[in-house]
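Down below is the structure, laid out as C-alpha cells.
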Amino acid sequence: MHEQFCVLQRRTGITIVSTTVERIAMAAIAVASLTKSFGEVHAVNGVSFEVAQGECLSLLGPNGAGKTTTTEILEGYTKPDSGHVEVLGHDPQHADLAWRARLGIVLQSVRDLGDLTVIEAVRHFAQYYPNPKDPEAVIAAVGLTHKAGSRNDQLSGGQRRRLDVALGVIGNPELLFLDEPTTGFDPEARREFWDLIESLKADGATILLTTHYLDEAERLADRVAVIARGRIIACDAPHLLGNRNTGLAVVSWTEGGIAHQEQTAQPTLLTQELAHRFNGEVPDLSIKRPSLEDTYLALIDGDELRGDAR
Amino acid sequence: MSHAIRLGSKRVGVELKQFFRDRESAMFNFALPMLLLVIFGSVFGGQSLEGTDITFAQYFVAGMIASGILYTSFQNLAISIPLEREDGTLKRLRGTPMPKASYFIGKIGMVFVAYVAQVTILIAVGVAFYGIDLPSTPNRWLTFVWVSVLGLIACTLLGIAYSVVPKSGRGASAVVTPVVLILQFTSGVFFVFNQLPQWMQTFASLFPLKWLTQAMRYVFLPDQAQAAEVAGEWELGMCALVLVIWVILGAILALVFFRWTPRGSKS
C-alpha cells in the first residue's frame, strides 16, 4: 500500500514536472485573471494572455488603461492583488537574480545616469550580466556611436531613449520589455529602432512592446492586445484585429464630377460592376480596408460606449 | 557574496564619478568644510582659546573633520538617494541582476573615498595656511582612524535611513541641511562646546556629531586641552560606545525604512 502510494506520488510528480516544462517551452509569459487596484481604481481588472517564446506581443491602449501596471507586474516591480503570473517559468514576485539576468527592461520616463557618459553607463551595466553583448556593438546598434563619449544629460530626448534601449538589451535578454520605447524619436530614428528590434527578434528574443504608435505595433508585433479600462478587449495578429480583414471595405470613386463612397463586404464585385459601368477605368477608384488605427479606435469607442451604458 | 562585493566595488567607481561630476554635490558635500575652514581660519585663526595657547584654527579643524564625516555620508546620501529614487536610478537597478548589497557597498565605498580625499585636503590646507599641528602621538592617529571608520559607518546607515524622509528629490536638501546645521551648532563645531548652555550640551550628547567632534579634539589638541572638556576628560570609551549604538540603530533603521520606490508611487 505504502509502496503503491509512493509510486503514485512519484508518477504524479513526474507528470507535474513534464507539464510545467511543456508550458515553459510554449510560453515566455503566461498571465491569467490578473487584477490590481490602487485604492478605488481598478488598474488591471482580470487580464489574461500568453506570449510564446520568440513572439512579439504589443500592448495597445489609451493612457491609464492598465498597460504599464500590467507590464510592471510582469517585471516584478508591482505585486498583483490576484491572478496567476508566470514569466520565463517563474513568479516575478519570488524570482531570483538569475531570472533577472534573462530579462531586459526599458522603462518609461527615467532620467538617471546623467553624470556618466554613454559608453561608461553601457559598460557598467554590462558587468551586471553573466553573458552580456559587446558594449560598443550595442551602442552602434542604437546609433549612438558618435555620442559614446558624451554625458548622458547632454543627449536629446530621442538619444536618451536610445541609451535606455541600449541598457535594456546589453544583457542579451531572452525576454525584452519595451515601455513606449520610441517616444521622442524622429521618423528616421524610429525606423532604425525597428530594425534593431527586428534583429533581436531574429535572434529569438521574446518581446512585450507597449506603444502608442500603431504603425510601430503593426510593423513589429506578431499579435496586438488592446487594453481598455483594465481589461483586454481584443487580441489578434495586427492584420486580423477586430476582423479588419473581413470587415466592410470602403470603395470610392468619382462619377459625374461627384465623389461617391460605398461600404461593402464584397469590394471586388462592386469594382467589377463599376468597371462595367464605366467601360474601363473608374475615375479616382480606391478600395480601403479599415487601418489598424481605424480598428483600434473603433474598439476603444465601442468599449467606452459599453462602459457608459453600464 | 563575492559576486556582490565585486559588483559593489564596480559601483564604487561609478558612484565616485557621479559624486565628483555633479557640481552641486561636490560643492555641498565635499568642498564646504574646506571653504568654512578658510573663512573661519582667516577671521579667527590666529586667536587663542581662553587661557591656552591653542589657536582657534586648531580647535576648528577638529570640528570640520567631524563635520566632514557628516557631510560625505549622512548629508550626501540623505540628499542623493531621494533624487535617485525619483529619477529612476533605483528602479532601473532593481530591474537588473545586480545584488542589492552591491548598491550599498557602492555607497559605503564612495563615502569612504570621498571622506579620505576631503580630510587629506582639509589637513593640508590647515597645515599650509593656518599652522595646524598634526596629531602628535601614534595613539592619536589610531583614534583618528577608528573614530572616522565608526562615524562613517553610523552616519552612512543613518543617511540611508533618513533618505525616506524627504518627500521629493528636489526638496531633500531642505529637510536634511537643517539637521546637519543644528547638530553642528549644538555639538561644538562652530562654538566652543563647554560654553554652550547645559540643555544644548545634553541634546547634542544624544547624537553622533558631538562625540565625533570631541574625539577629533583629542586627536588634534594637546593634552592640556583635556581640562576644558565638560567631563574634564576626552571620554573616548563613551565616544566608542555611543558610535557603536548609532551603528546598530542606523543599521536597524536603514533595514526597516529604506525603500526603492518613492512614497505613494504605484509600485
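The values are calculated or read from the model by the stated rules, or taken from the named source; none is laboratory data. Just so you know, these numbers come straight off a predicted model, no measurement behind them. Positions of Cβ are generated from backbone atoms using ideal geometry, with glycine treated the same way; all protein chains shown enter the neighbour counts.
A search for C-beta distances below 7 Å between a residue of the range A:104-116 that is more than 7 Å from every other protein chain (Cβ to nearest Cβ) and any residue that is assigned to a loop (DSSP other than H, G, I, E, B) and charged (D, E, K, R), counting only pairs 6+ apart in sequence or on different chains, returns A:108/A:180. With respect to (1) within 14 Å of chain A (Cβ to nearest Cβ); (2) without any contact (Cβ under 8 Å) to a residue 24 or more places away in the chain; (3) within 18 Å of residue B:177 (Cβ to Cβ), the lone exception for residue B:18 is condition (3). Checking each residue in the range A:134-169 for being surrounded by fewer than 20 Cβ atoms within 10 Å (Cβ to Cβ) and part of a loop (DSSP other than H, G, I, E, B) picks out A:134, A:143, A:148, A:149, A:150, A:155, A:156.
Taken over the range B:18-35, the criterion of being under 23 Å from residue B:87 (Cα atoms) and touching a helix residue (DSSP H, G or I) at 6+ places or on another chain (Cβ under 7 Å) is satisfied by B:19, B:20, B:25, B:26, B:29, B:30. When the helices (runs of 4 or more DSSP H) confined to the range B:151-255 are screened for residues that are within 30 Å of residue B:87 (Cβ to Cβ), those reaching at least 1 such residues are found at B:172-186, B:208-220.
Those helices (runs of 4 or more DSSP H) of the range A:200-310 in which at least 1 residues are surrounded by 19 or more Cβ atoms within 10 Å (Cβ to Cβ) and modelled with pLDDT under 90, considering only elements entirely within it, cover A:214-220, A:292-309.
Considering B:57, B:4, the condition of being surrounded by 16 or more Cβ atoms within 10 Å (Cβ to Cβ) and more than 14 Å from chain A (Cβ to nearest Cβ) is satisfied by B:57 alone. Evaluation of residue B:52 against the conditions (1) more than 30 Å from residue A:96 (Cβ to Cβ); (2) in a helix (DSSP H, G or I) shows that the sole unmet condition is (2). For the range A:90-103, name all the residues that are in a loop (DSSP other than H, G, I, E, B) and either within 12 Å of chain B (Cβ to nearest Cβ) or touching a Lys or Arg at 6+ places or on another chain (Cβ under 8 Å) (or both). Of everything in the range A:90-103, those that are in a loop (DSSP other than H, G, I, E, B) and either within 12 Å of chain B (Cβ to nearest Cβ) or touching a Lys or Arg at 6+ places or on another chain (Cβ under 8 Å) (or both) turn out to be A:95, A:96, A:101, A:102. Looking only at the range B:233-243, decide whether some residue is more than 23 Å from residue B:52 (Cα to Cα), β-branched (Val, Ile, Thr) and crowded, with 18+ Cβ neighbours inside 10 Å. Yes - at least one qualifying residue is present in the range B:233-243. Quick check on my filter: what residues within the range B:79-92 are over 12 Å from residue B:28 (Cβ atoms) and assigned to a helix (DSSP H, G or I)? B:81, B:82, B:83, B:84, B:85, B:86, B:87, B:89, B:90, B:91, B:92 - these are the residues of the range B:79-92 that are over 12 Å from residue B:28 (Cβ atoms) and assigned to a helix (DSSP H, G or I).
For residue B:203, are the conditions met, namely being closer than 29 Å to residue B:58 by Cα and modelled with pLDDT of 90 or more? So residue B:203 passes the test. Here residue A:128 meets the list (1) buried (at least 21 other Cβ atoms within 10 Å of the Cβ); (2) closer than 19 Å to residue A:198 by Cβ; (3) within 13 Å of chain B (Cβ to nearest Cβ); (4) not aliphatic (A, V, I, L, M) almost entirely, failing just condition (2).
Would the range A:131-139 turn up any residue that is of a type outside the set (A, V, I, L, M, F, W, C) and facing another protein chain (nearest Cβ under 9 Å)? No; the residues of the range A:131-139 include none that is of a type outside the set (A, V, I, L, M, F, W, C) and facing another protein chain (nearest Cβ under 9 Å). Among the conditions (1) buried (at least 16 other Cβ atoms within 10 Å of the Cβ); (2) of a type in the set (D, E, K, R); (3) modelled with pLDDT under 90, residue B:210 misses just one, which is (3). Of the candidates B:73, B:80, B:67, the single residue that is crowded, with 23+ Cβ neighbours inside 10 Å, within 14 Å of chain A (Cβ to nearest Cβ) and not hydrophobic (A, V, I, L, M, F, W, C) is B:80. For the range A:236-259, the condition holds for at least one residue, the condition being that it is over 29 Å from residue A:212 (Cα atoms) and charged (D, E, K, R).
The single condition among (1) within 11 Å of chain B (Cβ to nearest Cβ); (2) basic (Lys, Arg); (3) crowded, with 22+ Cβ neighbours inside 10 Å that residue A:123 does not meet is (3).
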